[in-house]
Every structure is written in structure tokens, then in C-alpha cells.
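Student: My questions all concern the structure below.
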Amino acid sequence: MKNKNIISGVVGAGFFAIGYLGLMVPLAPALLLGTGAFVASELVMNGGKIKEEIKELTLKEKIEVSRRSNVHIKTMIKSLDDEEVKKDLGEISKTTDKILDTIAKNSLNNRTTNKFIEYYLPVCVKIVDRYDEIENQSLTSSDSKKFMNDSKKIIKDTNSAFKKILDSLYQSDILNADAEMKVYNSILKSDGYDDDLMELKEGEKNE
């Protein structure tokens, strides 16, 4: 953990030095560039660490950790200023609840659910935390605005991605339910029930 933080710091410092000393970028934008590089490096490196830590848990424990992460997202919404981001995070939170409910209900333990629990959701939380930190600085430079806009886009893309994950989980249920209905309908017909009037076979009417 310490070594990874050092590497992230070196990456951030390197970008700052290149911008400020090498390209003569003004101090504030150079600092922002360095911060952005540090955050990106930290997310990439720590994302793998988070995945390994959660990977060791049981499915029940994974779901519990994920629910706590989602509670954190709900809490963070209240501290943010941007209404669009708050809307996206609100939808992300609702979708996450549905995904976790579906995983728990069907005891799903596949590549999609593991990727969601072990990587997507934890990194989403880290991005939201970083966004909140930068937003609280109230920076007004063009570079800071770009950083915020990029973060907003990532959050919006996450919202869309989580909905697609939920759709993919429900798709399996839909296919199973459809197959079950077809079998059920075949049995109804074979037992002599009319599709519209649900009439009994002539031989069973007097029984």
C-alpha cells in the first residue's frame, strides 16, 4: 500500500514538473494536472488491491460490503452541489440496490457479478470521493473545469453501465420465466383447457 502511494505520488509530481517546469504551464493548472495524474494512478493501482481484498470474501460478505459502499454513495449525494451528478448518483444507488438484491436472491457468483462487486462499485466510490474533494476546492480555472466535467462524464457512464449490468442479470430470469411459461401453457393445453375459455375436457365435465 505504501509503495503504491509512493508510485502515485511520483506520477503526480512528474506530471506537475513536466507541466510547470518543462512546458511553463501556470502554477494552478500544473498543480491540477499533477493532482489528476495522482488520482488516476491511485485509482488504477488501488483498484486492483480492492479487488483482491474483496475476492477473498464469501458471497454473503461481498454483498454486505457492497451494501455499505452503496450507503456511502447515498451519503455523499447530500454533500455534492452539482444537480446532474446528484441525479446520476441517485440512479446509480437505486440500480446498485437492485443488482445486489438480484445477486442475493439468486446466489449469483459469476464473472459479471464478481466484476461489479470486486471492481466497478469500489472504484465508483473512490471516484465520487475524489470528485467531492475537488468540488470542495471551488477552483475556477479552465483545467479544473475540464477535470470536473471529465469526472461528471465518468459518473454518467457508470450510471449507464450499471443499468446494463442489471439488464443482463434480469435477462437470465426473463429467459427462464419464458421457458417455464411455455411448458406451463403446453401442460394446460394437453390437459384439455381452451386458451380463451379455459374449458375442461368433455370427459371431465361430469366428474
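Student: Considering only residues that are in a helix (DSSP H, G or I) and polar (S, T, N, Q), look in segment 61-80 and name the one that is surrounded by the fewest Cβ atoms within 10 Å (Cβ to Cβ).
Tutor: Per the criteria, the residue is 75.
Student: In addition: Check whether at least one residue in segment 116-129 is over 18 Å from residue 71 (Cβ atoms), part of a helix (DSSP H, G or I) and modelled with pLDDT under 90, and report yes or no.
Tutor: Taking every residue of segment 116-129 in turn, none turns out to be over 18 Å from residue 71 (Cβ atoms), part of a helix (DSSP H, G or I) and modelled with pLDDT under 90.
Student: Are any of the residues in segment 156-166 assigned to a helix (DSSP H, G or I), surrounded by fewer than 13 Cβ atoms within 10 Å (Cβ to Cβ), modelled with pLDDT under 90 and not basic (Lys, Arg)?
Tutor: No, every residue in segment 156-166 fails to be assigned to a helix (DSSP H, G or I), surrounded by fewer than 13 Cβ atoms within 10 Å (Cβ to Cβ), modelled with pLDDT under 90 and not basic (Lys, Arg).
Student: Between residues in segment 123-139 that are hydrophobic (A, V, I, L, M, F, W, C) and residues that are outside any helix (DSSP H, G or I), which pairs lie under 6 Å by C-beta distance while being six or more apart or on different chains?
Tutor: So the pair list comes out empty.
Student: Any idea which of 118, 133, 83 is within 27 Å of residue 53 (Cβ to Cβ), surrounded by fewer than 16 Cβ atoms within 10 Å (Cβ to Cβ) and not polar (S, T, N, Q)?
Tutor: Of 118, 133, 83, the one residue that is within 27 Å of residue 53 (Cβ to Cβ), surrounded by fewer than 16 Cβ atoms within 10 Å (Cβ to Cβ) and not polar (S, T, N, Q) is 133.
Student: So, residue 169, is that one closer than 28 Å to residue 57 by Cα and assigned to a helix (DSSP H, G or I) or not? Spell out the reasoning first.
Tutor: Values: closer than 28 Å to residue 57 by Cα: yes; assigned to a helix (DSSP H, G or I): yes.
The answer is yes for residue 169.
Student: Residue 94 - would you say it is modelled with pLDDT of 95 or more and either among the basic types (Lys, Arg) or loosely packed, with under 14 Cβ neighbours inside 10 Å (or both)?
Tutor: So residue 94 fits the description; yes.
The values are calculated or read from the model by the stated rules, or taken from the named source; none is laboratory data. What you are looking at is a predicted structure, and each value in this text was computed from that prediction instead of being measured. Neighbour counts run over all protein chains shown; Cβ positions are idealised from the backbone, glycine included.
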